[in-house]
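Asks: Please read through the structure below; I'll follow up with questions.
The values are calculated or read from the model by the stated rules, or taken from the named source; none is laboratory data. The model shown is predicted, which means the values in this text are computed figures rather than measured ones. All Cβ positions, even for glycine, are placed from backbone atoms using ideal geometry, and neighbour counts span all protein chains on display.
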Amino acid sequence: MKHLTDLPDLIPVFPLPGALLLPRSRLPLHLFEPRYLQMFDDALKTDARLIGMVQPNAVPGRDKDGLHRIGCAGRISQFSETEDGRYMITLAGVSRFRVQKEVDGFTPYRRCEVSWDGFEQDLCDDADEDRAFNRPKFLTLLERFFDARDLSADWDTLKEADDELLVNSLSMLLDFDPEDKQALLEAPSLSTRRETLVTLIEYALRGGTDDGLMQ
């Protein structure tokens, strides 16, 4: 298990709408803007090699560059460089964090002072469990959703995946609005995240209306 004291108080942040990273999950990213190439180079020189993924939270007429208060930091675990200088990287989710304040400086990318308090469970090496998870019912609902969206899936793999891998992977991969992704990120437990995911899928299947949603 990692410790809170091992994590830095100041990290670079990457505000990317709709991109969700969760602890013990992996997020591939394609970096090509000069400021984010610089962010990657600088992060790679640190011991932690962390980049914080956070959803933008613009406030109309007040703060067009606002950020949500909770994000998730990932460690650079893999990367490759293309011939034209872009990077394909993979972040391994380490822990969620709470933004304390944004720090002005000389870097072209954004940095924030963050707190890791309250997210100790994220640092556990063991996957979270969802003891109330009705997997057959969930997979039936998921199959309806995939059929409605004309999506394909490796159902054998989905059936064999552990609870956390299944719920977190779907939370990251499915095409929900940024605010919905934020709700999935902020879920305090795996069971809460699964319940949120079910609600979002049911809402989408009903064409975006609240009628008939399971409570």
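Asks: Within segment 76-96, how many residues turn out to be over 17 Å from ASN168 (Cα atoms) and assigned to a strand (DSSP E or B)?
Replies: Counting residues in segment 76-96 that are over 17 Å from ASN168 (Cα atoms) and assigned to a strand (DSSP E or B) gives 9.
Asks: For PRO28, indicate whether it is in the same structural domain as VAL94 (by TED's automatic domain parsing) and out of contact with any Gly (no Cβ under 9 Å at 6 or more places or on another chain).
Replies: On the way: in the same structural domain as VAL94 (by TED's automatic domain parsing): yes; out of contact with any Gly (no Cβ under 9 Å at 6 or more places or on another chain): yes.
Here the answer is yes, as PRO28 does meet what is asked.
Asks: Also: Just wondering, is there one or more residues in segment 49-61 that are within 14 Å of PRO8 (Cβ to Cβ), in a loop (DSSP other than H, G, I, E, B) and not aromatic (Phe, Trp, Tyr)?
Replies: yes
Asks: A further question follows. Using the structure shown, decide if ILE70 is in contact with a helix residue (DSSP H, G or I) (Cβ under 6 Å, 6 or more places away or on another chain), free of Cβ contacts under 8 Å to residues at least 60 places away in the same chain and not small (Gly, Ala, Ser).
Replies: Spelling it out, it is not the case that ILE70 is in contact with a helix residue (DSSP H, G or I) (Cβ under 6 Å, 6 or more places away or on another chain), free of Cβ contacts under 8 Å to residues at least 60 places away in the same chain and not small (Gly, Ala, Ser).
Asks: Moving on. Exactly one condition in (1) without any contact (Cβ under 8 Å) to a residue 24 or more places away in the chain; (2) under 21 Å from the mean Cα position of the chain (by Cα); (3) farther than 26 Å from GLN55 by Cβ is false for ASP162; which is it?
Replies: (1)
Asks: A further question on this structure: Could you list, in sequence order, all residues of segment 170-215 that are part of a loop (DSSP other than H, G, I, E, B) and either charged (D, E, K, R) or at pLDDT below 90 (or both)?
Replies: ASP175, ASP177, ARG206, GLY207, GLY208, THR209, ASP210, ASP211, GLY212, LEU213, MET214, GLN215
Asks: Here is a follow-up. Taking the residues in segment 2-31 that are more than 20 Å from the chain's Cα centre (by Cα) and touching a residue at least 12 places away in the same chain (Cβ under 8 Å) as candidates, determine which candidate is farthest from THR82 (Cα to Cα).
Replies: If we take residues in segment 2-31 being more than 20 Å from the chain's Cα centre (by Cα) and touching a residue at least 12 places away in the same chain (Cβ under 8 Å), then HIS3 is farthest from THR82 (Cα to Cα).
Asks: Now for a separate question. Considering only residues that are assigned to a helix (DSSP H, G or I) and either among the small types (Gly, Ala, Ser) or within 18 Å of the chain's Cα centre (by Cα) (or both), which ones fall in segment 148-159? I'd like the intermediate steps shown before the answer.
Replies: Of all residues in segment 148-159, those assigned to a helix (DSSP H, G or I) come to 148-149, 155-159.
The one that is assigned to a helix (DSSP H, G or I) and either among the small types (Gly, Ala, Ser) or within 18 Å of the chain's Cα centre (by Cα) (or both): ALA148.
Asks: Identify, from the list GLU102, GLU129, the residue that is in a strand (DSSP E or B) and surrounded by fewer than 15 Cβ atoms within 10 Å (Cβ to Cβ).
Replies: The unique qualifying residue is GLU102.
Asks: Further question on the same structure: Assuming GLU83 fulfils every condition listed in (1) among the acidic types (Asp, Glu); (2) farther than 29 Å from LEU158 by Cα; (3) surrounded by 14 or more Cβ atoms within 10 Å (Cβ to Cβ) apart from one, which condition is it?
Replies: In the conditions (1) among the acidic types (Asp, Glu); (2) farther than 29 Å from LEU158 by Cα; (3) surrounded by 14 or more Cβ atoms within 10 Å (Cβ to Cβ), GLU83 misses (3) alone.
Asks: Please work out which one of (1) part of a strand (DSSP E or B); (2) in contact with a Cys (Cβ under 9 Å, 6 or more places away or on another chain) is the condition LEU20 fails and give its number.
Replies: (1)
Asks: Continuing with this model, one more query. Which of (1) more than 16 Å from LEU91 (Cβ to Cβ); (2) surrounded by 14 or more Cβ atoms within 10 Å (Cβ to Cβ) does ALA58 not meet, given it meets every other one?
Replies: Failed condition: (2).
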